[in-house]
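Scroll down for the structure; my scribbles are underneath it.
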Number of protein chains: 2
Amino acid sequence: MYYYVEIKRMENKNMGKTLIFGHKNPDTDSITSSIVMANLEKKLGNDAEACRLGNINKETEYVLNYLGIEAPRLIEDAEDGTEVILVDTSNPGESIPNLENVQIKKVIDHHRVALTTAYPLYFRTEPVGCTETVMYKLYKENGVEIDKTIATLMVSAIISDTLLFKSPTCTAEDEATAKELAKIAEIDIDKYGMDMLKAGTDLSSFSIEEILNLDAKQTSLKDKNSIIAQVNTASIDEVLKMKADLETGMKKIIAEKGLDLFMFVITDIVESNSKAIVLGNSASIAEKAYNEKIIDNVIELKGVVSRKKQIVPIMIENA
Amino acid sequence: MYYYVEIKRMENKNMGKTLIFGHKNPDTDSITSSIVMANLEKKLGNDAEACRLGNINKETEYVLNYLGIEAPRLIEDAEDGTEVILVDTSNPGESIPNLENVQIKKVIDHHRVALTTAYPLYFRTEPVGCTETVMYKLYKENGVEIDKTIATLMVSAIISDTLLFKSPTCTAEDEATAKELAKIAEIDIDKYGMDMLKAGTDLSSFSIEEILNLDAKQTSLKDKNSIIAQVNTASIDEVLKMKADLETGMKKIIAEKGLDLFMFVITDIVESNSKAIVLGNSASIAEKAYNEKIIDNVIELKGVVSRKKQIVPIMIENA
């Protein structure tokens, strides 16, 4: 049986500006896609503003500094009736709290379809590694020029989401698009890419609580209430020096949110491997999923880099 | 609060052929989009077959006869695990009964988003008047030639869904696309269009039960269980000659399905007006919605031709 929770079309009260934003805990794809989509809308004659639903991470900061451009405006919600464009997610749980009261004009994404609507809209999600790969096509289809700044934003997100084409989420289309964009951006994709990814692994300025929340996704593993968080690093051992503090922080969040499982995945972006700290009453799901023992709360995830492809579906299957 | 009922990705057991189909009670857009999409997939090197979930209506029959081509294969469901492409609907209630057990590869549509998935896919719905307007863009984007037969199928569906551009669902893009296609199809769009629409109004071969079911959509008006059916005609009075029999049939369906409302809309495609027979305990929703009295079970719907734009949302609002 299907249940529909329909998002009603509301009157656009503050006629005019369309707000564009990605998911909470924004990553490079969410931030750059907001900027890139706002530019496209403006070129098509629509008044639009890029926004963000959270702090900029170190990797995205590297990209914005490289280009010398400002981060989108931080918002917590949008006035009821506002026209919005969602990028990089259609998941209401990752969006503004009053999503059902705004008017969704478009969705551009590369994830699962996570909402239903009561009204027709422009909804485009494609099974590629990055929203910017879809954005590139939108620019082409609309005959809008991709300048050096836009190309750099786009290619940065593709590098980020595909870990320089090493993630199993990466498609041939992502790689071809990124290489095309690198020419316009005038960057050496390997050098720029590794510098950008490494900038993203700098955790020195963050508190333990912030690290646990940097890229945390609340996910239902069947009936199990879970968080699967992920950080990238150039050295897993370096991150595991904080293990005791991370565990204390994770236990606190488990108690506060009534979680069955908290999985904190530490991914080595150079070696394309991960380890995860796993806590909670349902921690054994990870043992079953990967046929590995959890030793001292840590499980090895050999060859795993993608939460979307190599963790979430396997964990759901074994829950 | 949102509820997700996720459609799980299943193994594609009968590897190979992708089945393509539109909604139950297929109209010209559903049938032609299945054929047109199957052709595109084949041109892109994918093994695909156009199917249908119900009988061909008189209008679609006119189109297929004009072209001398066969109707797609009739199916009731698809084997679990089959790869499918949905056209002209994403609504599980209008699709095969085991939709949650097949693998949805793509959705091409122009209606609301009506399902969520657990996996990424190609999902493209645009707020235009007809699925074929989106299909036209897919052909262009993929550099696939639109031949005379494909153009005729596409333009027929646009004429059908927009009632020759008179429906408020018709966008400038639909009209421009249809006119472009009419050239390739080598048709006089007004003459061909009116002949095709009139062929669709021929009810002579149908039983009362069939007429009530020709284009019937089960719709929840808030908590009210309803059917809103529609027929096109060149003379509303002609259809109303069957009023007593239609009412008997409607009452039977109301009792069988436990409906709160059955609205049978008769649309004059020449004059762009409608009248509706309204029965059921919640019939007064229509009076409130249109500020018109129901007289002898019939309500006047002045200037109304589109169920999607001028009936369903207004009825939901007043339920």
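The values are calculated or read from the model by the stated rules, or taken from the named source; none is laboratory data. Quick caveat: nothing in here was measured; it's all calculated off a predicted structure. Quick reminder, even Gly has a Cβ in these numbers, built from the backbone with ideal geometry, and neighbours come from all protein chains shown. When the accessible area is computed, the model is the full protein with side chains, heavy atoms only, and any ligands, DNA or RNA have been set aside. Shrake-Rupley method; radii C 1.70, N 1.55, O 1.52, S 1.80 Å.
Remark: label point of A:Gly16 defined 7 Å out from Cα along the Cα-Cβ vector; separations to the same position in other copies 6.1 nm, ascending. Coupling constants for the range B:63-75 follow from the phi torsions by the Karplus curve (6.51 cos²θ - 1.76 cosθ + 1.60, θ = phi - 60°), and in residue order they are 5, 5, 5, 4, 8, x, 10, 7, 6, x, 5, 7, 10 Hz; glycine and proline get x. What longest region of chain B stays clear of GluC sites (Glu not before Pro) that DSSP places outside H, G, I, E and B and that have at most 16 other Cβ atoms within 10 Å? Result for the longest clean stretch: B:187-270. Summing charges over all other residues whose Cβ lies under 15 Å from the Cβ of B:Asn46, with Lys and Arg as +1 and Asp and Glu as -1, gives +1. Normalised by the number of residues in the range B:2-197, the mean separation of alpha-carbon contacts (under 8 Å, six or more apart) gives a relative contact order of 22 percent.
Specify whether the C-alpha gyration tensor of the range B:2-197 places it in the rounded, prolate or oblate class, a ≥ b ≥ c being the square roots of the eigenvalues: rounded for a/c under 1.5, otherwise prolate if a/b is larger than b/c and oblate if not. Verdict is prolate for the range B:2-197. Accessible surface of B:Asp223, taken over heavy atoms with a 1.4 Å probe and every protein chain present, rounds to 120 Å².
Counting only alpha carbon atoms, the long axis of helix A:243-257 and the longest principal axis of chain A meet at about 70°. I need the trypsin sites (Lys or Arg not before Pro) found in the range A:242-319, filtered to DSSP loop residues with at most 12 other beta carbons within 10 Å of theirs. Listed in order of number, the matching sites are A:Lys293, A:Lys302.
How much of the DSSP beta bridge set in the protein assembly as shown is antiparallel, as a percent to the nearest 5?
Values: 40 of 93 bridges.
Just about 45 percent of them are antiparallel.
Taken about its Cα centre, the protein assembly as shown carries a charge dipole of roughly 500 debye when the Cβ of each Lys and Arg holds +1 and the Cβ of each Asp and Glu holds -1. Note on B:Glu49 and B:Ala172: their simple-model spin labels are 4.3 nm apart, each label 7 Å out from Cα toward Cβ. In terms of its C-alpha gyration tensor, the range B:124-172 has an oblate overall shape, because the principal axis ratio a/c (a ≥ b ≥ c, square roots of the eigenvalues) is not below 1.5 and a/b does not outweigh b/c. Residue by residue, the range B:206-214 carries 3J(HN,Hα) couplings of 9, 6, 4, 4, 5, 4, 5, 9, 4 Hz when phi is fed to the Karplus relation 6.51 cos²θ - 1.76 cosθ + 1.60 (θ = phi - 60°); x denotes Gly or Pro.
The solvent-accessible area of B:Ser282, taken with every protein chain present and a 1.4 Å probe, is close to 10 Å².
Might you report the magnitude of the Cβ-based charge dipole of the range B:2-197 about its Cα centre, with Lys and Arg at +1 and Asp and Glu at -1, to the nearest 20 debye? List each step's numbers first, then the result.
Details: 21 positive and 33 negative charges, 62 e Å.
The dipole of the range B:2-197 has a size of about 300 debye.
A:Ile253 exposes around 30 Å² of accessible area when a 1.4 Å probe is run over every protein chain in place. Taking other residues whose beta carbon is less than 11 angstrom from the beta carbon of A:Ile236, and scoring Lys, Arg as +1 and Asp, Glu as -1, yields -2. Label-to-label distances for A:Lys243 across copies, nearest first, come out at 8.3 nm, using points 7 Å from Cα in the beta-carbon direction. Applying 1/(1 + (r/R0)^6) with r as the Cβ-Cβ distance of B:Tyr122 and B:Thr149 and R0 = 30 angstrom yields a FRET efficiency of 0.75. Ranking A:Ile266, A:Gly249, A:Leu99 by Cα position along the charge dipole of chain A, where only Lys, Arg, Asp and Glu carry charges on their C-beta atoms, puts A:Leu99 farthest toward the positive end. Is there a pair in B:Lys148/B:Lys308; A:Lys105/A:Lys224; B:Lys106/B:Lys217; A:Lys288/A:Lys309 whose C-alpha atoms are over 25 Å apart, and which pairs would that be? Listed pairs above 25 Å: B:Lys148/B:Lys308; A:Lys105/A:Lys224. Sorted shortest first, the distances from the A:Glu209 label point to those of the same residue in the other copies are 6.7 nm; each point sits 7 Å from Cα along Cα-to-Cβ.
With +1 on each Lys and Arg Cβ and -1 on each Asp and Glu Cβ, how big is the dipole of the range A:207-300 about its Cα centre, in debye rounded to the nearest 20? Using Cβ point charges on Lys, Arg, Asp and Glu, the range A:207-300 gives about 360 debye.
Between helix B:189-199 and chain B, what is the angle of the helix's C-alpha long axis to the longest principal axis, kept within 0 to 90° and rounded to the nearest 10? Here the helix axis deviates by roughly 60 degrees. Rounded to the nearest 10 degrees, the angle from helix B:172-185 to the longest Cα principal axis of chain B is 60 degrees.
Modelled spin labels at A:Asp237 and A:Glu287, positioned 7 Å past Cα toward Cβ, are 2.7 nm from each other.
Considering all C-alpha pairs of the protein assembly as shown, those separated by over 37 Å amount to 40%.
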